[in-house]
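Each remark here refers to the structure printed beneath this line.
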């Protein structure tokens, strides 16, 4: 996979702490940012797939609610 460089503006104190953390984990700040962004994308993709699956299930369901709709009285206290 081709990589691209980006410029990131970050507070110096935070950067210092991240550098220490990266050194403790024997990795780089770059790798930590890349891993974080990849996890974020994977999580959003999984949520999107789950939503799509639920919508397909709703469309395929033969169950009907009639006139009933959830309201305040249906909420647990």
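Each reported figure results from applying straightforward, stated rules to the coordinates on display, with no laboratory input. Predicted, not measured: the structure shown is a model, and the values here were computed from it. Backbone-built Cβ (ideal geometry, glycine too); neighbour counts: all protein chains shown.
Only DSSP H runs of four or more residues enter the estimate; each adds -39500 (n - 2.57), and after division by the residues of the chain the mean residue ellipticity at 222 nm equals -20500 deg cm²/dmol.
Full extension of the segment from residue 35 to residue 2, taken as 0.36 nm per residue of separation minus the current Cα-Cα distance, would add 10.3 nm.
Put simply, the convex hull of the Cα atoms in the chain casts, on average, a shadow of 11.2 nm². Relative protection proxy for 9-18, 25-34, from highest mean packing down: 25-34, 9-18 (other beta-carbon atoms within 10 angstrom). Taking the C-alpha atoms only, the angle from helix 29-60 to the longest principal axis of the chain is near 10 degrees.
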